[in-house]
1. From TYR300, TYR355, TYR305, which residue is within 18 Å of ARG251 (Cβ to Cβ) and either open to solvent by less than 60 Å² (accessible area, probe 1.4 Å) or in contact with a Phe, Trp or Tyr (Cβ under 7 Å, 6 or more places away or on another chain) (or both)?
2. Any chance you could count how many residues in the stretch 142-163 are assigned to a loop (DSSP other than H, G, I, E, B) and over 18 Å from the mean Cα position of the chain (by Cα)?
3. Looking at the stretch 313-329 only, could you name the residues that are in contact with a strand residue (DSSP E or B) (Cβ under 9 Å, 6 or more places away or on another chain) and either closer than 20 Å to GLN362 by Cβ or charged (D, E, K, R) (or both)?
4. Give ARG332, ARG284 a once-over and let me know the one that is out of contact with any Leu (no Cβ under 8 Å at 6 or more places or on another chain), under 15 Å from ILE254 (Cα atoms) and part of a helix (DSSP H, G or I).
5. Exactly one condition in (1) more than 24 Å from GLU225 (Cβ to Cβ); (2) open to solvent by less than 10 Å² (accessible area, probe 1.4 Å); (3) of a type in the set (Phe, Trp, Tyr) is not met by TRP86; state its number.
6. Return the residue satisfying two criteria in turn: it lies in the stretch 250-269 and is out of contact with any His (no Cβ under 9 Å at 6 or more places or on another chain) and of a type in the set (Gly, Ala, Ser), and of such residues it is farthest from TYR324 (Cα to Cα).
7. Which numbered condition in (1) under 30 Å from THR239 (Cα atoms); (2) open to solvent by 60 Å² or more (accessible area, probe 1.4 Å) is the only one that TYR283 fails?
8. Residues in the stretch 316-326: is at least one out of contact with any Ser or Thr (no Cβ under 8 Å at 6 or more places or on another chain), modelled with pLDDT under 95 and closer than 15 Å to SER261 by Cβ?
Amino acid sequence: MVESTNQTRRRFLRLSGGVAGSIALAGCTGSSNGEGDESTTGADAESTATTTTGETSEGTAESQSSYSVSMEPMGTVEFESVPETWVSYKSGYGDMGIALGVGAGLVGTDRPQESFRLLDERFYSQLPDFELDLSGTTNIRADGESIDKEVFYEVDADLHLMDPNLPKVYFDWDQTDVDEISENVAPFFGNFIRRPRDDAWGDEYERYSLYEAFEKVAQVFQRTERYEAFATLHEEVQTQVEDALPPESERPSIALMNGGSDPGKGVFYAMDPTTAGYEMKQYRDLGIKNAFEGVETGEYGKTDYETLLQVDPEIIVFHWGVTYEQEAFESRFTEPMVNDEVGQELTAVQEENLYPGGTAEQGPIINLFQTEMLAQQQYPEQFGEYPGLGDVPEQTLFDRQRVADIVAGEF
C-alpha cells in the first residue's frame, strides 16, 4: 500500500450515521500542488471562512473553523477547511464543482478527455471568458479498464466527490477499500442520483434531486451564494419552459435509444425518458412521453427495426449523441437508418426527426444546455430551431454571460 503524503497534515475528523457505516474520515486542508480557485476576485472570499451555521464570511483559510455537512449515505462529515483539490467519478458531480468556480481543483476523474472534451466544445465554450483546463486532471481509470486504489493515493485529493457506495458498484472495491481511502486520503461525499439504484447499492437511502445534491456540494465548498444564483436561474428557466409548453395532449412521444444502439446491425436499446434521476431530467421537465411505454422489449430494452416500425415514433433520440461529432453521429445513427429497407418506412426517418440526445452525466450547467437543446428539437415553434451539433442556436433559453458571471462569483 502506498503511504499517503497527506497523513501528517490531515487531522482526522468524524463521520456519523449513514448506511456506509461509522468510520473516521480525514479533514481537508490546502493542497501542496499549488492549484487554487479559478478566480481571485473579492467575490471568492465566500470560500475562505465559515460560521457555525454554514454561511460564509470573509477571512483566510488559516483563521477558518471547522464545519460539517450532512448527506446520505455518509451522514455528517466534518471538514477542517475547504477542499482545494477534488476527484469526481464523471461529469455529473464534476459539473457541479465547475459551476461553483472550483474547476481548477479537479485533479482526477474518469477519462477526463472523453468525459469533458466534447462537453467543453459543445457547452462550456459558449460561456464568455470561461476556460476549462484539464491538463492537470488525472484519469482515475489508469490502465484503461479498472480503477485502482493506488491512483487515489497518487492523486492525493482533499475530497472524493462521489457516493461512497459507488466504488463497490463500479470499481469492484469492497467496504474495506472504501474505508481505507477515506481514512488514508480523503472523505467520499456524494449520493448516486443519476438513475434509480438497484440492490447492488445496499439498503435504500435518501435520493436527492439534482439541485438538492448541488446545494450539499456548495456547502462543502462553502460557495452557497453561487448555488443560490444557479437555483434562481434554474427556477426562471423552468418557469419559462412551463409557460411555453403546449398542452399535454399535444406533447410528443419519443423513442429514446441508448447510445449503445447499432442501427447498422438493426439493434436498438429503448430507454424510458421519464425515469427518475438527473440522467433524464430535461425529458421530464419538458413533458416528453415514452413512445415505448407498455411495449415488450428484450434485456436492457433490446429491440429491432420491426418493433420500431410497429411503434413508429414521430421522433427518435439517441442518448449520449451529443458526445459525437456531427459527421460521426450521422455515420453511426442516421445513415444506417436511412439506408435500411424497414428504417426508411419510419416516420421519424422520413421527417428527418433523428436527434442526438444529451449526456447522462449532467450537473447544473450541462443541464441548462441540454434542456435548451431538447426544447428546440421537440418544440421549435416555442423555443427556436435546433441548429445541430456544434452550432450555437440563434434563439437561446438562458443567458450565457449570466452563467459565466455566476461561475466567476460576479453577481
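1. Numbers: TYR300 fails: within 18 Å of ARG251 (Cβ to Cβ); TYR305 fails: within 18 Å of ARG251 (Cβ to Cβ).
Step by step, each of TYR300, TYR355, TYR305 is checked, and only TYR355 is within 18 Å of ARG251 (Cβ to Cβ) and either open to solvent by less than 60 Å² (accessible area, probe 1.4 Å) or in contact with a Phe, Trp or Tyr (Cβ under 7 Å, 6 or more places away or on another chain) (or both).
2. Initial filter on the stretch 142-163 (assigned to a loop (DSSP other than H, G, I, E, B)): 142-148, 156-158, 162-163.
The next check asks that each one be over 18 Å from the mean Cα position of the chain (by Cα); those that pass are 142-148, 156-158.
Residues that pass the stated criteria total 10.
3. We begin by selecting, within the stretch 313-329, every residue in contact with a strand residue (DSSP E or B) (Cβ under 9 Å, 6 or more places away or on another chain); these are 313-324, 326, 329.
Listed by number, the residues that qualify are GLU314, VAL317, PHE318, HIS319, TRP320, GLY321, VAL322, THR323, TYR324, PHE329.
4. Numbers: ARG332 fails: under 15 Å from ILE254 (Cα atoms).
Going through ARG332, ARG284 in turn, the sole match is ARG284.
5. TRP86 satisfies all of (1) more than 24 Å from GLU225 (Cβ to Cβ); (2) open to solvent by less than 10 Å² (accessible area, probe 1.4 Å); (3) of a type in the set (Phe, Trp, Tyr) except (1).
6. Per the criteria, the residue is SER253.
7. The number of the failed condition is (2).
8. Going residue by residue through the stretch 316-326, those that are out of contact with any Ser or Thr (no Cβ under 8 Å at 6 or more places or on another chain) are 316-317, 319, 321, 324-326.
Among the residues that remain, those that are also modelled with pLDDT under 95 are: 324-326.
Okay, now just the ones that are also closer than 15 Å to SER261 by Cβ, so 324.
Checked against the condition, which is being out of contact with any Ser or Thr (no Cβ under 8 Å at 6 or more places or on another chain), modelled with pLDDT under 95 and closer than 15 Å to SER261 by Cβ, the stretch 316-326 yields at least one hit.
The values are calculated or read from the model by the stated rules, or taken from the named source; none is laboratory data. If you're wondering where the values come from, they're calculated on a predicted model, not measured in any experiment. Methodologically, a virtual Cβ is constructed for each residue, glycine included, from the backbone with ideal geometry; neighbour enumeration extends over all protein chains shown. Each accessible area value is taken on the protein alone, full model and side chains, heavy atoms only, with ligands, DNA and RNA left out. Shrake-Rupley method; radii C 1.70, N 1.55, O 1.52, S 1.80 Å.
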